[in-house]
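Participant: One structure coming up, written as structure tokens, with questions to follow.
The values are calculated or read from the model by the stated rules, or taken from the named source; none is laboratory data. Note that this is a predicted model, so its numbers are computed, not measured. With ideal geometry, Cβ positions are generated from the backbone for all residues, glycine too; neighbour counts draw on all protein chains shown. Keep in mind that these areas ignore ligands, DNA and RNA; they rest on the heavy atoms of the full protein, side chains included. Shrake-Rupley method; radii C 1.70, N 1.55, O 1.52, S 1.80 Å.
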Amino acid sequence: IYTEARFGWSAFMVGLSFACFGLLHAVFQSVAAGPLSKALGERRLLWLALLVDAIGYVAFAFIANGWYVFPLCLLFSFGSLATTALQSILSQQVDESRQGELQGALTSLVSLGAIIAPLASDFGLKTPETQRAVIAEIQLRSRGAGLAGTVVPVWDAGAGRMAFIAPQPWHPFFR
């Protein structure tokens with residue numbers, strides 16, 4: 001939605017950028033993770049990957065042309081090595097009998113992080129109709145990406161309060 005609004009991208013361009021990131025991500029994970037981990041050590045790789053990822057996000061906020069997204073995919077793909085390094089570090093802290101539990105918990109956290117996205121800061125000021133339209137659009141795109149589930153927008157309501165739109169049975173979870 002962001003690149004469509006900011007750069008006038010079509011669905012094709014959005015898909016192309018995701019394909020570029022996916023390809024580079026696969027290359028970094030399969031080719032670069034092992035050698036970099038050996039050369040730097042897992043802790044240094046973790047910190048370097050987090051730094052590179054942060055630089056990518058800051059740069060993304062300031063890019064003027066949509067095509068800059070493609071070179072940034074290199075930074076984000078390198079940044080994805082932080083997850084690999086963290087998994088390696090944590091797996092060394094847990095005995096063999098708890099490895100499955102650890103990896104399951106890490107996978108759950110990564111999956112949750114992959115579906116949580118920030119909303120525009122003015123989301124809470126939009127009309128209920130506009131909010132529903134935004135939620136429907138995100139839900140549609142999520143389904144198109146093969147994600148199951150329900151989109152639940154959560155935002156800062158000011159004064160230290162959180163606001164959300166969720167099915168009624170879920171409200172206790174968000175309070």
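Participant: Please go through (1) open to solvent by 70 Å² or more (accessible area, probe 1.4 Å); (2) at pLDDT 90 or above; (3) not small (Gly, Ala, Ser) for Leu112 and return the number of the only condition it doesn't satisfy.
Facilitator: The number of the failed condition is (2).
Participant: For the range 158-169, which residues satisfy the criterion of being open to solvent by less than 100 Å² (accessible area, probe 1.4 Å) and at pLDDT 80 or above?
Facilitator: Once the filter is applied, which keeps residues that are open to solvent by less than 100 Å² (accessible area, probe 1.4 Å) and at pLDDT 80 or above, the range 158-169 yields Met162, Ala163, Phe164, Ile165, Ala166, Pro167.
Participant: Within the range 55-87, count every residue that is without any contact (Cβ under 8 Å) to a residue 24 or more places away in the chain, outside any loop (DSSP other than H, G, I, E, B) and either in contact with a helix residue (DSSP H, G or I) (Cβ under 8 Å, 6 or more places away or on another chain) or of a type outside the set (A, V, I, L, M) (or both).
Facilitator: 12
Participant: Confirm whether Ala39 is exposed (fewer than 12 other Cβ atoms within 10 Å of the Cβ), hydrophobic (A, V, I, L, M, F, W, C) and within 26 Å of Glu137 (Cβ to Cβ).
Facilitator: So Ala39 does not fit the description; no.
Participant: Of the residues Phe28, Phe12, which single one is part of a helix (DSSP H, G or I) and open to solvent by 80 Å² or more (accessible area, probe 1.4 Å)?
Facilitator: Phe12
Participant: Hey, another quick one. Taking Leu119 as the residue in question, decide whether it is buried (at least 16 other Cβ atoms within 10 Å of the Cβ), outside any helix (DSSP H, G or I) and within 20 Å of the chain's Cα centre (by Cα).
Facilitator: Here the answer is yes, as Leu119 does meet what is asked.
Participant: Using beta carbons and a limit of 9 Å, which pairs, at least six apart or on different chains, have the first residue in the range 10-36 and over 23 Å from Leu86 (Cβ atoms) and the second one open to solvent by less than 80 Å² (accessible area, probe 1.4 Å) and of a type in the set (D, E, K, R)?
Facilitator: Going by the 9 Å Cβ cut-off, the qualifying pairs are Ser10/Glu4; Ala11/Glu4; Met13/Glu4; Val14/Glu4.
Participant: State whether one or more residues within the range 44-53 are under 27 Å from Arg141 (Cβ atoms), open to solvent by 30 Å² or more (accessible area, probe 1.4 Å), without any contact (Cβ under 8 Å) to a residue 12 or more places away in the chain and not hydrophobic (A, V, I, L, M, F, W, C).
Facilitator: no
Participant: Quick one: would you say Leu102 is open to solvent by 60 Å² or more (accessible area, probe 1.4 Å) and of a type in the set (A, V, I, L, M, F, W, C)?
Facilitator: No, not satisfied.
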